[in-house]
Amino acid sequence: MTARLHLLTNPIGTTFFRHFAAAAKTISQSSLPHATEELAKLRASQINGCGFCTDMHTKDAVAAGESHQRLHLVAAWREATVFTDAERAALELTEEATRIADGAGGVPDEVWERAAKHYDEDQLLALVSTVALINAANRMNVMVRLPAGDYEPGQFA
């Protein structure tokens with residue numbers, strides 16, 4: 001697969017990416033657990049069919065110490081016993097927000113309440129921002145057909 005556009009060699013793409021990276025850095029400096037952030041990014045990327053982001057966030061999570069077992073089970077998190085209740089609530093919120101068009105009323109109150117049971121306001125804002133940002137990245141990468149497989153952990157740090 002060949003990319004339709006080269007986002008990092010185009011001046012507009014480079015400027016946009018700099019702002020995008022700054023937003024991501026703000027999230028990573030929050031008190032939201034890093035593992036939760038990576039699990040949410042991975043799950044949204046799986047749902048959206050973004051190979052580049054699935055590759056990137058799997059590799060970044062492994063580099064940060066995440067287990068292969070947990071990463072392999074993200075797509076089946078409901079049946080997996082390896083996630084905490086807090087992580088399960090974050091994954092559920094991620095799925096509902098990623099599939100927002102499928103839920104006529106947006107994210108259901110009960111899904112939000114389950115997440116709010118485990119995360120404070122700052123962490124919830126970081127999680128919501130993570131899901132919004134990764135969905136934007138997924139959509140861009142899928143539109144331009146950014147190929148997956150060559151990402152190196154920390155490449156954009």
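The set of residues from segment 89-109 being surrounded by 12 or more Cβ atoms within 10 Å (Cβ to Cβ) and more than 16 Å from Glu79 (Cα to Cα) comprises Leu93, Thr94, Glu96, Ala97, Thr98, Arg99, Ile100, Gly103, Gly106, Val107, Pro108. Against the numbered list (1) under 18 Å from Asn135 (Cα atoms); (2) modelled with pLDDT under 95; (3) in a helix (DSSP H, G or I), Leu7 comes up short only at (3). The set of residues from segment 1-15 being open to solvent by 40 Å² or more (accessible area, probe 1.4 Å) and of a type outside the set (A, V, I, L, M) comprises Thr2, Arg4, His6, Thr9, Asn10, Pro11, Thr14, Thr15.
Residue count for segment 56-86 under the criterion of being in contact with a helix residue (DSSP H, G or I) (Cβ under 6 Å, 6 or more places away or on another chain), farther than 28 Å from Asp150 by Cα and either buried (at least 17 other Cβ atoms within 10 Å of the Cβ) or hydroxyl-bearing (Ser, Thr, Tyr) (or both): the result is 0.
In segment 83-95, the residues that are over 11 Å from Val128 (Cα atoms) form Cβ pairs under 6 Å with partners that are open to solvent by 20 Å² or more (accessible area, probe 1.4 Å), at six or more places apart or across chains, as follows: Ala86/His118; Ala89/Arg114; Ala89/His118; Leu91/Arg43. Are any residues in segment 110-127 over 11 Å from Lys41 (Cα atoms) and either among the polar types (S, T, N, Q) or touching a residue at least 24 places away in the same chain (Cβ under 8 Å) (or both), and if so, which ones? Arg114, Ala115, Lys117, His118, Tyr119, Asp120, Asp122, Gln123, Leu125, Ala126 - these are the residues of segment 110-127 that are over 11 Å from Lys41 (Cα atoms) and either among the polar types (S, T, N, Q) or touching a residue at least 24 places away in the same chain (Cβ under 8 Å) (or both). Scanning segment 121-144 for residues that are charged (D, E, K, R) and either open to solvent by less than 80 Å² (accessible area, probe 1.4 Å) or in contact with a helix residue (DSSP H, G or I) (Cβ under 9 Å, 6 or more places away or on another chain) (or both) yields one hit, Arg139. Arg43 - would you say it is touching a residue at least 40 places away in the same chain (Cβ under 8 Å) and touching a Ser or Thr at 6+ places or on another chain (Cβ under 9 Å)? Answer is yes for this residue. Go through (1) farther than 30 Å from Arg4 by Cβ; (2) not in a loop (DSSP other than H, G, I, E, B) and name the single condition Met56 misses. Among (1) farther than 30 Å from Arg4 by Cβ; (2) not in a loop (DSSP other than H, G, I, E, B), the lone unmet condition for Met56 is (1).
Scanning segment 16-39 for residues that are open to solvent by less than 60 Å² (accessible area, probe 1.4 Å) and in a helix (DSSP H, G or I) yields Phe20, Ala21, Ala22, Ala23, Ala24, Ile27, Ala35, Thr36, Glu37, Glu38, Leu39.
The values are calculated or read from the model by the stated rules, or taken from the named source; none is laboratory data. Since the model is a prediction, treat every value here as computed from it, not as a measurement. Quick reminder, even Gly has a Cβ in these numbers, built from the backbone with ideal geometry, and neighbours come from all protein chains shown. To get the accessible areas, we keep the full protein, side chains included, count just its heavy atoms, and leave off ligands, DNA and RNA. Shrake-Rupley method; radii C 1.70, N 1.55, O 1.52, S 1.80 Å.
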